[in-house]
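Data first, discussion second: the structure below is written as structure tokens.
The values are calculated or read from the model by the stated rules, or taken from the named source; none is laboratory data. These numbers were taken from a predicted model, which means no experiment stands behind them. Here the Cβ is made from the backbone with ideal geometry for all residues, glycine too, and neighbour counts use every protein chain on show. When the accessible area is computed, the model is the full protein with side chains, heavy atoms only, and any ligands, DNA or RNA have been set aside. Shrake-Rupley method; radii C 1.70, N 1.55, O 1.52, S 1.80 Å.
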Amino acid sequence: MVLVIVKALDILEWVAREPGKAHSLTEIAEALQMNQATCVNILQTLVTKNYLEHLGRKKGYRLGPMAYNLTNNLSYSQNLVEAAKDEMEKLTAQLNETSILGIIRNQKRFIVHLVNSDQDLQVRSRTERNVYETATGRLLLAFMPDKERDGFLQSNGFPSTDTWPEAATPDDLDSALIKIRTEELAVTHSRTHIIGLAVPIRKSSQVVASLSVFLPEIRCSTSRQKEIVQALRQAARVINERLDA
């Protein structure tokens, strides 16, 4: 047997007993009679691979999205997906453009649900991406609590001029985030001529996710963009009501 793999599986099995609950490093190490230094190294690897989420030093670790993906289990953000999925189907059918439901996990933009269009020319997106690169990520960053956003910036630094040229300095980033919060809309224009548009999804007034549409620039005239934003806002309203029901 490979001992480190056994220990990693022991950690996953122990955390999975209460999948929605977070456990501290000390709690995990003591329960499994494991050296804390060894335990934290394994935990960091599991977080990097998204089998666990790290919610902060005081909150600890819980199961991450990849642990659920192994069995195609939708329990991860299940309420969110259940509230959004049929509305996203309608949105994609109405616009014939791909729609995404995104959250931030382990400091990355993570897709929890996606509905592809049937366009001949489609844009594909990786499940995980840099927060600064996507409309979804930028919107969620804008609505993060101040303390959480400060921690994110300390860990990730500011956007590069290549990634988000309008927000590469602290003052410019503040201005960009204020604009997103004021308009409740994030828009990205990539160098590969892809446009992303994202609006917030709320539960009990708190932004918990972002609903977005992205498409080739050639299909996004000014009038078309207005149509997409209107459709996104309408879909978001329905999803918000379901989450608060």
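The C-beta contact set for region 167-182 (first residue in a helix (DSSP H, G or I), second residue polar (S, T, N, Q) and open to solvent by less than 90 Å² (accessible area, probe 1.4 Å), distance under 8 angstrom, 6+ apart or interchain) comprises 167/175.
Entry remark, region 213-237: residues being under 14 Å from residue 102 (Cα atoms) and in contact (Cβ under 8 Å) with a residue 60 or more places away in the chain number 3 in total. Considering only residues in region 1-32 that are of a type in the set (Gly, Ala, Ser) and in a helix (DSSP H, G or I), the one that is nearest to residue 106 (Cα to Cα) turns out to be 8.
The residues of region 33-66 that are free of Cβ contacts under 8 Å to residues at least 12 places away in the same chain, part of a helix (DSSP H, G or I) and farther than 20 Å from residue 130 by Cβ, listed by number, are 36, 37, 41.
Tell me whether region 144-163 contains one or more residues that are in a loop (DSSP other than H, G, I, E, B), under 23 Å from residue 46 (Cβ atoms) and touching a residue at least 12 places away in the same chain (Cβ under 8 Å). The answer is no; no qualifying residue exists.
Only residues that are surrounded by fewer than 12 Cβ atoms within 10 Å (Cβ to Cβ) and polar (S, T, N, Q) were counted across region 195-229, and they come to 6.
Number of residues in region 11-70 that are modelled with pLDDT of 85 or more, polar (S, T, N, Q), open to solvent by less than 70 Å² (accessible area, probe 1.4 Å) and closer than 23 Å to residue 150 by Cα: the value is 1.
No other residue among 182, 163, 192, 169 is at pLDDT below 95, open to solvent by 90 Å² or more (accessible area, probe 1.4 Å) and among the β-branched types (Val, Ile, Thr) apart from 192. Of the residues screened, residue 210 is not one that is polar (S, T, N, Q), closer than 30 Å to residue 245 by Cβ, touching a residue at least 24 places away in the same chain (Cβ under 8 Å) and in contact with an Asp or Glu (Cβ under 9 Å, 6 or more places away or on another chain).
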